[in-house]
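Report on one structure; see the data block that follows.
The values are calculated or read from the model by the stated rules, or taken from the named source; none is laboratory data. If you're wondering where the values come from, they're calculated on a predicted model, not measured in any experiment. Backbone-built Cβ (ideal geometry, glycine too); neighbour counts: all protein chains shown.
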Amino acid sequence: MAEAGHVAPEMPFLKPFRDKRRDSRSHQLAKGGAQQGPRGTGASGNRTEPKVAPRVLSRRDGALPAEHLPLILEVAPNADYALLDSGAGQKLEQYGPYRIVRPEGQAIWQKALPAKDWDRANAIFTGDTDEEGIGRWRFPKTPLGETWPMKHDGIDYLGRFTSFRHVGVFPEQASHWDHMAGLIAAAKRPVKVLNLFGYTGLASLVAARAGAEVTHVDASKKAIGWARENQEMAGLSQKPIRWIVDDALKFAEREERRGSRYDIVLFDPPAYGRGPRGEVWQLFEDLPDLTDLCRSILTPKPLAVVLTAYSIRASFFAIHALMRDTFAGMGGTVESGELIIREKSAGRALSTSLFSRWVA
C-alpha cells in the first residue's frame, strides 16, 4: 500500500512501518511463529522434503471464464466492527467494546471526527519500541491484556494486540466469508474447504459453521494455536477442522500427488517472503504456480477459488487475467476488484486489498 506523501507531524513513526502480515507473512506472531519457508509460506519442522521438479506452466486450452469486473465488495459498520473515522495517516476503529487507533497509509485525507472522539481510544499502536507483544501499544485509559473477546456474526473469537499492529481479524474479508457460506449452504452436499495462509481461523470457522469440512494451513504454530483457541471459544470444537502447520505451497503440492481434492480453495499469499535457508517468494514470480496448484486440487464439481492480494503495486486486472487464464475451460465466472471498508463518519471508502475469485 502506498504511504501518504505527507505525514502529519504528530505521527513520525508511520513511514517506516510496512504491513508485515501482508508483505512478508510476519503474521506468524513474532518469535513464537514458524520460520518463513520457501516462497514465504513457512517451514515444516525438520522433515526432509522430497525434491519436486519445477512446475512447467503452459496456457490452458478452452474458453476463458466469463468475467465480472470491477466488483467492489464493501463492509459497512456493524455491531461487531466499524471504521469510525480515518485521515492523516491513521484509522479509528471500533472492535466490540474497544476503540483502536492504528496507522493507515492510504488515509491521505483529513479526519472527519473531532479530536475528542479520537482521544476516547482504548488502544493506540505506537510502534515506538523493538519489543514483541503489546509493548508496541499504548493504552490511554485502563491497561488492557493481550487478548479480548470479540464476535463476528455470532462467532466468538479472541482479538489480540500483536507487535505488528494487527489484531487477529481482517474485517474486509467478511464479504468473502458470507459468499463462501452461501455457496456451502446452497450446495446441499458435503463440501470440502482448503484455507491456505489461514492465520487465526475466522474463515475456517465460518466455513465449518456453514457445514463444510475444513483444512486450515498456516506456517505459524502460534497462529494455529490461536486459531484452535478461537474454535473452542466459538463453541465449534466438534466441527471437522484439520489444523496443519506447514508450507502452503508444499502442502498443496503434496495434496496434488495424493489425489486430495477440495470444493473451495481460499488463498491469501504474501507479497514477499524469505525462508529459513534464504529461499525467496516473490508474488509476481511465484503466484502462477500456486494458482495452478489450486486449480489442480479441485473436485470434479468445484464451487470457488478465492485469491486475495495485499500490499502490491498492481491493478486487480493483473490477478484477474491470471485467474481467467488458469481456469480456462472450466466455465464459471471470474470476479475481480477490491475489498473496501465503508467509513462511518464521512462515508469514505478505505480500500484494503485486491481480489479475484473464480466461481463455478
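For the range 207-225, filtering for residues that are buried (at least 23 other Cβ atoms within 10 Å of the Cβ) and part of a helix (DSSP H, G or I) leaves 4. Taking helices (runs of 4 or more DSSP H) as the structural unit, no element lying wholly within the range 247-360 holds at least 3 residues that are outside the structural domain of His216 (by TED's automatic domain parsing) and touching a helix residue (DSSP H, G or I) at 6+ places or on another chain (Cβ under 8 Å). Figure legend. Inter-residue proximity from the range 76-101: first residues assigned to a loop (DSSP other than H, G, I, E, B), second residues of a type in the set (Val, Ile, Thr), beta-carbon distance below 7 Å, spacing 6+ or different chains. Indicated pairs: Gly89/Val7.
Among the residues making up the range 343-358, those that are out of contact with any Pro (no Cβ under 7 Å at 6 or more places or on another chain) and in contact (Cβ under 8 Å) with a residue 60 or more places away in the chain are Glu343, Ser345, Ala346, Arg348, Ala349, Leu350, Ser351, Thr352, Ser353, Phe355, Arg357. Within the range 184-230, track down each residue that is of a type in the set (S, T, N, Q) and within 19 Å of Glu146 (Cβ to Cβ). Matches in the range 184-230: Thr200, Ser220, Asn230. Looking across the range 58-79 at every residue that is of a type in the set (Gly, Ala, Ser) and in contact with a strand residue (DSSP E or B) (Cβ under 6 Å, 6 or more places away or on another chain), the one that is farthest from Thr291 (Cα to Cα) is identified as Ala76. Of the residues Ala174, Ala185, the single one that is surrounded by 24 or more Cβ atoms within 10 Å (Cβ to Cβ) and outside the structural domain of Lys91 (by TED's automatic domain parsing) is Ala174.
Would you say Ser204 is buried (at least 19 other Cβ atoms within 10 Å of the Cβ), touching a residue at least 40 places away in the same chain (Cβ under 8 Å), of a type in the set (S, T, N, Q) and in the same structural domain as Trp177 (by TED's automatic domain parsing)? Against the criterion (buried (at least 19 other Cβ atoms within 10 Å of the Cβ), touching a residue at least 40 places away in the same chain (Cβ under 8 Å), of a type in the set (S, T, N, Q) and in the same structural domain as Trp177 (by TED's automatic domain parsing)), Ser204 does not qualify. In summary, strands (runs of 3 or more DSSP E) completely within the range 139-206 and bearing 3 or more residues that are modelled with pLDDT under 95 and touching a Ser or Thr at 6+ places or on another chain (Cβ under 7 Å) occur at 155-160. Applying the condition of being part of a strand (DSSP E or B) and more than 23 Å from the chain's Cα centre (by Cα) to the range 52-75 and asking which residue is farthest from Gly347 (Cα to Cα) yields Ala66.
Of the residues screened, Val191 is one that is assigned by TED's automatic domain parsing to the domain that holds Gln238, of a type outside the set (Phe, Trp, Tyr), touching a residue at least 24 places away in the same chain (Cβ under 8 Å) and in contact with an Asp or Glu (Cβ under 7 Å, 6 or more places away or on another chain).
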